[in-house]
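Undergrad: For reference, the structure I am asking about is given below.
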Amino acid sequence: MKIELCIFNLDGVIVDTAHLHYLTWKELATKFDFELSPILYEKIKGLGRIETLRQIMAWAKISKDEKEIESIAKLKNDHYVQMIQMLHPTEIRPGVKSFLSELKKLYIKTALSSASKNAKTILSKLELLQQYDTIVDGDQIEHCIPDPEIYLKCSQNLNITPSNTVVFEDSVNGINAAKSAGFYTIGIGKTGALSIADAVIPNFRGFNFKEMLNLLKFNLASTN
Ligand code: GL1
């Protein structure tokens, strides 16, 4: 196993913004008289803005024309953008920065992948904008996950194949998308649904490159 690139998802991996997305979607859903439970949200976690809204509307059995969909999505985004104004570098999840520095020292490339169109704003608030070798966000992709385009763009930008790349993701949708294109995957969070990944860690606290390789080798050997 030769790992040359690590791709990091943003919301819920680098910073806890996945929760802010959930809260703002949940509030929006109440306008459709629909209760968006955390369990249901897991099914749409990581999808793009319009795709997420369409799914919530389908569950709520609401139909709107394209113009209305755009303006409802804007409402949700305006609320979310207000919430992320207060983000600060101290909110980077524990262990993320030291793992990134270790990768740099080892000449392992790093990428940031996020379906969010607010990714660059968040990275700038966290002072992480200059920390990745490439960034692919929601403005640069045509197909959102479950299509693996976002990860493939990261690896193509750096000329590294999926079989030499690890993707860190907190959503089942993201893990499935990355796996479908042949990337190694590490879930960030609780096991359970994330167990489809090659390995799962709760967060990056104390995590390092050697542990990553050992985890992947051990888990892959026991599934083969
Ligand atoms: C979009 C969705 C969010 C989330 C992110 C990806 O973000 O709205 O629910 O799935 O993509 O993490 P945004 O609205 O910021 O473009």
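The values are calculated or read from the model by the stated rules, or taken from the named source; none is laboratory data. Predicted model only: the values in this text are computed from it and were never measured. Cβ sites come from the backbone with ideal geometry, for glycine too, and all protein chains shown count toward neighbours. These accessible areas exclude ligands, DNA and RNA; they are computed on the full protein's heavy atoms, side chains included. Shrake-Rupley method; radii C 1.70, N 1.55, O 1.52, S 1.80 Å.
Undergrad: Please give the length that would be gained between T191 and A221 if that part of the chain were fully extended, namely 0.36 nm times their separation in residues minus their C-alpha to C-alpha distance (nm, one decimal). Please list the in-between numbers first.
TA: Working: separation 30, 0.36 × 30 = 10.80 nm, distance 1.88 nm.
That works out to 8.9 nm of additional length.
Undergrad: Rounded to the nearest percent, how much of the accessible area of the stretch 69-214 (1.4 Å probe, protein heavy atoms only) is carbon and sulfur? All intermediate terms of the calculation are to be shown ahead of the outcome.
TA: On the way: 3460 of 6870 Å².
The value for the stretch 69-214 is 50 percent carbon and sulfur by accessible area.
Undergrad: Mind checking which of P146, Q131, L53 is farthest towards the positive end of the chain's charge dipole, using Cβ charges of +1 (Lys, Arg) and -1 (Asp, Glu) about the Cα centre?
TA: Selected residue: Q131.
Undergrad: Scan around V15 for amide H atoms under 5 Å from its own, H built in the peptide plane at 1.01 Å from N, and keep only partners 5 or more places away or cross-chain.
TA: HN-HN under 5 Å from V15: R93.
Undergrad: Taking 0.36 nm per residue of sequence separation and subtracting the Cα-Cα distance, how much length would be gained by fully extending the chain between V81 and K117, in nm to one decimal? Please report the intermediate quantities before stating the final value.
TA: Values: separation 36, 0.36 × 36 = 12.96 nm, distance 1.06 nm.
Between V81 and K117, full extension yields 11.9 nm more.
Undergrad: Whose amide H sits under 5 Å from the amide H of I7, counting only residues 5 or more places off or on another chain, with H placed in the peptide plane?
TA: Residues meeting the criterion, in which the H sits 1.01 Å from N, are A111, V166, V167, F168.
Undergrad: What shape does the stretch 1-153 take by its C-alpha gyration tensor, where a ≥ b ≥ c are the square roots of the eigenvalues and a/c under 1.5 counts as rounded, a/b above b/c as prolate, and the rest as oblate? Before the final figure, lay out the partial values.
TA: Numbers: a/c = 2.28, a/b = 1.81, b/c = 1.26.
Prolate.
Undergrad: Taking 0.36 nm per residue of sequence separation and subtracting the Cα-Cα distance, how much length would be gained by fully extending the chain between N203 and R93, in nm to one decimal?
TA: Details: separation 110, 0.36 × 110 = 39.60 nm, distance 0.77 nm.
Here the segment from N203 to R93 would lengthen by 38.8 nm.
Undergrad: At a 10 angstrom cut-off on C-beta neighbours, averaged per residue, how do the peptides 67-77, 179-189 rank from highest to lowest? Let's see the in-between values first.
TA: Details: 67-77: 14.0, 179-189: 21.3.
In decreasing order of mean packing, 67-77, 179-189 become 179-189, 67-77.
Undergrad: Here is a further query. Evaluate E = 1/(1 + (r/R0)^6) for E127 and E27, where r is the Cβ-Cβ distance and R0 equals 30 Å; express this FRET efficiency to the nearest 0.05. Working shown, then result.
TA: Working: r = 29 Å, r/R0 = 0.97.
Here the calculated transfer efficiency is 0.55.
Undergrad: Moving on. List the pair-distance distribution P(r) of the stretch 1-72, using every Cα-Cα distance, as the percent of pairs falling in each 5 Å bin from 0 up to the bin containing the longest distance, rounded to whole percents.
TA: Bin by bin from 0 Å, the calculated values are 3, 14, 25, 21, 13, 9, 6, 4, 3, 2, 0.
Undergrad: Could you do me a favour and compute the accessible area per residue for the chain, 1.4 Å probe, result in Å²?
TA: Details: 11110 Å² over 224 residues.
Using a 1.4 Å probe on heavy atoms only, each residue of the chain averages 50 Å².
Undergrad: Just want to confirm a number: the relative contact order over the chain, from Cα pairs under 8 angstrom separated by 6+ residues, in percent. Walk me through the intermediate numbers first.
TA: On the way: 347 pairs, mean separation 55.1, N = 224.
Relative contact order for the chain comes out at 25 percent.
Undergrad: Which order, highest average first, do 85-94, 44-53 follow once you tally other Cβ atoms within 10 Å for each residue and take the mean per peptide?
TA: On the way: 85-94: 12.1, 44-53: 20.3.
Averaged packing, sorted descending, gives the order 44-53, 85-94.
Undergrad: If the limit is 26 Å between Cα atoms, which of K105/K153; K64/K190; K2/K125; K97/K190 go over it?
TA: Values: K105/K153 24 Å; K64/K190 36 Å; K2/K125 33 Å; K97/K190 21 Å.
From K105/K153; K64/K190; K2/K125; K97/K190, over 26 Å: K64/K190; K2/K125.
Undergrad: A further question follows. Note down the net charge around K64, summing +1 for each Lys or Arg and -1 for each Asp or Glu among other residues with Cβ under 11 Å from its Cβ. All intermediate terms of the calculation are to be shown ahead of the outcome.
TA: Values: positive: R54, K67; negative: D65, E66, E68, E70.
Surrounding charge for K64 is -2.
Undergrad: Compute the signed sum of charges (Lys and Arg +1, Asp and Glu -1) over the other residues within less than 9 Å, Cβ to Cβ, of G46. Write out the running numbers ahead of the final one.
TA: Values: positive: K45; negative: D11, E169, D170.
So the surrounding residues net to -2.
Undergrad: What net charge is computed for the residues neighbouring F34, neighbours being all others with C-beta under 13 Å from the C-beta of F34, Lys and Arg scored +1, Asp and Glu -1?
TA: On the way: positive: K26, K31, K61; negative: E27, D33, E35.
With Lys, Arg at +1 and Asp, Glu at -1, the neighbours total 0.
Undergrad: Using only helices, what value at 222 nm comes out for the chain when you add -39,500 (n - 2.57) per DSSP H run of length 4 or more and divide by the total residues, to the nearest 500 deg cm²/dmol? List each step's numbers first, then the result.
TA: Numbers: 9 runs with 101 residues, N = 224.
Mean residue ellipticity at 222 nm (helix-derived): -13500 deg cm²/dmol.
Undergrad: I've got another one for you. Starting with the highest mean, order 197-210, 148-161 by the number of other Cβ atoms within 10 Å, averaged over the residues of each peptide. Walk me through the numbers on the way to the answer.
TA: Details: 197-210: 17.1, 148-161: 20.1.
Result, highest mean Cβ count within 10 Å first: 148-161, 197-210.
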